[in-house]
There are 2 protein chains.
Amino acid sequence: MRPNKPDSYTTVHSPDPTSVGFVTPQTARFDTPIKLRSGAVLDRYELVYETYGQLNADKNNAVLICHALSGNHHVAGFHSEHDKRPGWWDTMIGPGKPIDTNRFFVIGLNNLGGCHGSTGPSSLNPATGQPYGAHFPLVTVDDWVETQARLADQLGIQQFAAVVGGSLGGMQALQWSITYPERIRHALVIAAAPKLTAQNIAFNDVARQAILTDPDFHGGDYYAHEVVPKRGLRLARMLGHITYLSDDVMGSKFGRMLRAGAFQYGYDVEFEIESYLRYQGDKFAESFDANTYLLMTKALDYFDPTHHHNEGSLAQALQSVKAGFLIVSFTTDWRFAPERSREIVKALLDNERDVTYAEITSSHGHDAFLMVDPYYHDLVRAYMQRIDLGDVA
Amino acid sequence: MRPNKPDSYTTVHSPDPTSVGFVTPQTARFDTPIKLRSGAVLDRYELVYETYGQLNADKNNAVLICHALSGNHHVAGFHSEHDKRPGWWDTMIGPGKPIDTNRFFVIGLNNLGGCHGSTGPSSLNPATGQPYGAHFPLVTVDDWVETQARLADQLGIQQFAAVVGGSLGGMQALQWSITYPERIRHALVIAAAPKLTAQNIAFNDVARQAILTDPDFHGGDYYAHEVVPKRGLRLARMLGHITYLSDDVMGSKFGRMLRAGAFQYGYDVEFEIESYLRYQGDKFAESFDANTYLLMTKALDYFDPTHHHNEGSLAQALQSVKAGFLIVSFTTDWRFAPERSREIVKALLDNERDVTYAEITSSHGHDAFLMVDPYYHDLVRAYMQRIDLGDVA
């Protein structure tokens, strides 16, 4: 595939001047085999991506947005006028927004193993003509960073002005700074952790077991059976939501509010929080691929920059990084608590790297990274504005 | 049934002088119908219980132990020499132990709705000759307290020296002080909360949905299908265990320790924490009744002493209590955090009641209430020793 030229994209602006407007996903095809950390080899694969803004002449204004567990390439704007909602981080990215598409050329992609267009378990395996299913290899954050670098190659981007992500996306930004210190000038690592704790892994494993033991899972080859392990995926998502929200926000939003005003003494919805969780679970189970969910949780579990350094310290693992860092955490995030971000800050300071750290007061728990908070957004804006593209006097 | 006389029990002491030794469960039968809070009526039911120590002549030394979600009547001692483990709170109860059976007559029972001998969903419904299954009514903490009072009546106990419980057991002790202020001199409320938060309910609902959506659940009537919803019960228990342990203790016990020393890139056990949780889940799913599990989690959700006071304050709900209180919480308990215990303390102080409160430093999370900690045990011992039976100079 020839490198995509920035001027090959048509961005039709909607009336909202701070929106990137209508966007069309692109597909990048890769025919050079990739050897994954698991040892498995994929001979060819595709990555679907979107871009917002223009790559400048110096090609030094590219920003990569890495997505979290259930995210995808559709980061900002609308695919059509029928879309009810814009991309998942539309509040952060657009003309004049914190990641300003008037200055930056922003790329969102669906990671390898995803279920929104990039090659993943639900894609057809060219060797069999059937969906990969259980035969799709597990992937790691390192693998994603490698595929993202290959995408950058195709787009003619030698170095990113910044790699940005929240949660699992933040882990990718951190890994970028380690794997390709010369190809990333800044890393924005938001609501992340340097590796999962036993408790984090435990939650992931319960979610996985819910899917793996669903009779409709069929060992991962449910596509052939024309069923979907919805029960398991629904439970996984319900559980996930508990860890994304803070106890505080659950209390203030739902508390002990009853659906019917009085106890019903049965197993239907009694409390509004049950209604909310079941709805979220049902919605997700209709739209997300269970194998991708499993794979994403494993990538989270495996992430550990110290793993390849003989379980050395994080400071040791970060010795080679050159990027400047913005690390952001949220006070009520108990999935990846501020302490976890501070571990990264400490390891960067130990290496005398440039690091800005902010702990944002928020009641929204882990989800806060996706939400609008003036202080948080102004912080990201200020950090991004400071990035030198040779365009500021 | 005639009142059991204390001298009708034979307690054969094992060589361990601090053990209550071998114990034999008793069954109390109740033929007076009970109208439950749900409106359902049970015409007759049985409660299985055990006792340790001797009821004194004044009948003022009885202590009721209330169990938590998965507990039962077998609180201390052994049923036979083949038992691998003693009752679930054997470390707390026995001759010379914190709840000293040389002084106190201690009663443990299996709550109504249980699956260890008391009438519950797996019991035969006399109306049909089949297990109750889905037809067993939901029960509340208030219902349990009422049945426990009826058991006390049968045993000739007008007033308990103390009602003691941890977690859901502590809620029963608290409810005792409200429902029967004249029948309880002391309440020991350990690792409990005055009512569940939205987050607590959310975890319970995910656990319930795992069971309810298990194809082997058959709407609660799985007994007739000769299957058990093991997948769902296993998930429920795995999830439960995460909330019983602290992040700290999971970290120090398991951390990121790998089963095979290296990543396997598959869905079998990779991390030791996964092995632990799956083992706990499997073991529980083999032995516990799913309908009882559902019912116990609902009793937790429903518990709210303020509910019958027009959602008034806890202080208002506790206006009528007369008992003295020992309230205990554990620093790393995030299921029912110390803050939750302090709400009870505050409401008691608002009513100028006698309350001793201790926040025990422990790394063991919610489970700490079942574990041996010298400070915790000495505290309970001291509190119990202070209880006046007319036997101390």
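The values are calculated or read from the model by the stated rules, or taken from the named source; none is laboratory data. This is a predicted model, so every value here is computed, not measured. All Cβ positions, glycine included, derive from the backbone under ideal geometry; neighbour counts span all protein chains shown. Ligands, DNA and RNA are stripped out before the accessible areas are found, and what is left, the full protein with its side chains, is counted by its heavy atoms. Shrake-Rupley method; radii C 1.70, N 1.55, O 1.52, S 1.80 Å.
Observations on the model:
- For A:ARG335: the one exception among (1) surrounded by fewer than 19 Cβ atoms within 10 Å (Cβ to Cβ); (2) in contact (Cβ under 8 Å) with a residue 12 or more places away in the chain: (1)
- Candidates B:SER341, B:SER329, B:SER363: the one that is small (Gly, Ala, Ser) and in a strand (DSSP E or B) is B:SER329.
- Residues that are away from chain B (no Cβ under 11 Å), on the phi > 0 side of the Ramachandran plot and in contact (Cβ under 8 Å) with a residue 60 or more places away in the chain do occur in the range A:167-178, at least one of them.
- Positions within the range B:299-323 being touching a His at 6+ places or on another chain (Cβ under 8 Å) and open to solvent by 10 Å² or more (accessible area, probe 1.4 Å), in sequence order: B:GLN316
- Count of the range A:179-227 residues which are assigned to a loop (DSSP other than H, G, I, E, B), without any contact (Cβ under 8 Å) to a residue 40 or more places away in the chain, open to solvent by 40 Å² or more (accessible area, probe 1.4 Å) and within 14 Å of chain B (Cβ to nearest Cβ): 3
- The range B:124-140 - residue that is in contact (Cβ under 8 Å) with a residue 24 or more places away in the chain and of a type in the set (Gly, Ala, Ser) and, of those, surrounded by the fewest Cβ atoms within 10 Å (Cβ to Cβ): B:ALA134
- Residue within the range B:309-332 that is β-branched (Val, Ile, Thr), touching a residue at least 40 places away in the same chain (Cβ under 8 Å) and in contact with an Asp or Glu (Cβ under 6 Å, 6 or more places away or on another chain) present: yes
- Among residues that are over 24 Å from B:ASN56 (Cβ atoms) and assigned to a loop (DSSP other than H, G, I, E, B), B:LEU138 is included.
- For the range B:31-41, filtering for residues that are open to solvent by 10 Å² or more (accessible area, probe 1.4 Å) and either part of a strand (DSSP E or B) or at pLDDT below 95 (or both) leaves 2.
- Residue that is most open to solvent (accessible area, probe 1.4 Å) [pool: residues in the range B:268-288 that are aromatic (Phe, Trp, Tyr) and touching a residue at least 12 places away in the same chain (Cβ under 8 Å)]: B:TYR276
- The residue pairs whose first member lies in the range B:31-48 and is away from chain A (no Cβ under 14 Å), whose second member is among the hydrophobic types (A, V, I, L, M, F, W, C) and open to solvent by 70 Å² or more (accessible area, probe 1.4 Å), and whose beta carbons are closer than 6 Å, counting only pairs six or more residues apart or on different chains, are B:PRO33/B:VAL41.
- So A:VAL163, is it farther than 30 Å from A:HIS225 by Cβ, within 14 Å of chain B (Cβ to nearest Cβ) and open to solvent by less than 20 Å² (accessible area, probe 1.4 Å): no
- Just one of the listed residues (B:ARG259, B:ARG342) is open to solvent by 30 Å² or more (accessible area, probe 1.4 Å), farther than 25 Å from B:ILE190 by Cα and basic (Lys, Arg), namely B:ARG259.
- Qualifying residue in the range B:65-88 (condition: among the hydrophobic types (A, V, I, L, M, F, W, C), more than 14 Å from chain A (Cβ to nearest Cβ) and in contact with an Asp or Glu (Cβ under 7 Å, 6 or more places away or on another chain)): yes
- For A:ASN72: the one exception among (1) modelled with pLDDT of 95 or more; (2) more than 30 Å from A:HIS366 (Cα to Cα): (2)
- A:THR27 being part of a strand (DSSP E or B) and not charged (D, E, K, R): yes
- The range A:141-154 - residue that is touching a residue at least 40 places away in the same chain (Cβ under 8 Å) and open to solvent by 10 Å² or more (accessible area, probe 1.4 Å) and, of those, farthest from A:ASP58 (Cα to Cα): A:ASP142
- Test: residue in the range A:48-67 that is within 18 Å of the chain's Cα centre (by Cα), buried (at least 24 other Cβ atoms within 10 Å of the Cβ) and either assigned to a loop (DSSP other than H, G, I, E, B) or of a type in the set (Lys, Arg) (or both): yes
- Checking the range A:87-95 against the condition returns no match, with no residue being closer than 19 Å to A:LYS298 by Cα, open to solvent by less than 10 Å² (accessible area, probe 1.4 Å), part of a strand (DSSP E or B) and among the small types (Gly, Ala, Ser).
- Total residues in the range B:141-178, condition part of a loop (DSSP other than H, G, I, E, B) and either aliphatic (A, V, I, L, M) or out of contact with any helix residue (DSSP H, G or I) (no Cβ under 6 Å at 6 or more places or on another chain) (or both): 6
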